[in-house]
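The values are calculated or read from the model by the stated rules, or taken from the named source; none is laboratory data. Quick caveat: nothing in here was measured; it's all calculated off a predicted structure. So basically every Cβ, Gly included, is an ideal-geometry build from the backbone, and we count neighbours across all protein chains shown.
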Amino acid sequence: MRAGDADRQHVAEQLRAALELGRLDLSEYDERLRTTYAAKTFGDLDGILDDLPDTVAPTASSQLMVPRRNDPLVPGPDGRYPNATARWLSHTWDGYFATVAIVVAIWAVICLMTAEWLYFWPAWVAGPWGAVLLVSTIGGLVGGEPQKWAAEQARERAREQQRERAKDDDEE
């Protein structure tokens, strides 16, 4: 069965984690990563992770994997984070949309309670804040902010994992 980009990325993420943990040296990581990105079928991916603990090889049933918001950001072979722009935009605009939804809901409840259409005051929250976010989003996209943000998120996750490992080592 043919492997997809998500399957190859899944293996690459686990190889990167193994490299960071010192389970692979750089040349072995590079060799396995090349094999991973050259894989066309699940059979080609078999064996790449077999000798590494705490790894899960992709299967044909994992072909429909959808990245979740809390999935780790992992750079591709070119060093860029493939889904950084979408995640950065989501991170940047989530608070705005949640707040606008709340103030519109409050306005709607007040309109229902008074049984009349009131002045649409949520525009004073949504308008200026949205304009500022729009300008900063365009500036961020032009300035490469999504990749910088993704790199910082990945560094923070690595620091967090390192603290957890140190804590686990202290407990043993």
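At a glance:
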| quantity | calculated |
| --- | --- |
| Subset of segment 39-54 that is at pLDDT 85 or above and of a type in the set (A, V, I, L, M, F, W, C) - its residue that is surrounded by the most Cβ atoms within 10 Å (Cβ to Cβ) | 48 |
| Test: residue 100 is of a type outside the set (Asp, Glu), at pLDDT 90 or above and more than 17 Å from residue 150 (Cα to Cα) | yes |
| Tally of residues being under 26 Å from the mean Cα position of the chain (by Cα), surrounded by 12 or more Cβ atoms within 10 Å (Cβ to Cβ) and β-branched (Val, Ile, Thr) across segment 103-135 | 0 |
| Test set (1) closer than 21 Å to residue 154 by Cα; (2) in contact (Cβ under 8 Å) with a residue 12 or more places away in the chain; (3) assigned to a loop (DSSP other than H, G, I, E, B) - residue 14 fails condition number | (3) |
| In segment 145-160, the residues that are closer than 17 Å to residue 89 by Cβ and either surrounded by 12 or more Cβ atoms within 10 Å (Cβ to Cβ) or among the aliphatic types (A, V, I, L, M) (or both) | 145, 146, 147, 148, 149, 150, 151, 153 |
| Test: residue in segment 4-23 that is surrounded by fewer than 18 Cβ atoms within 10 Å (Cβ to Cβ) and of a type in the set (S, T, N, Q) | no |
| Extreme residue, modelled with the highest pLDDT, among residues of segment 55-79 that are loosely packed, with under 10 Cβ neighbours inside 10 Å and not small (Gly, Ala, Ser) | 78 |
| Residue within segment 139-150 that is touching a residue at least 40 places away in the same chain (Cβ under 8 Å), among the polar types (S, T, N, Q), part of a helix (DSSP H, G or I) and touching a helix residue (DSSP H, G or I) at 6+ places or on another chain (Cβ under 6 Å) present | yes |
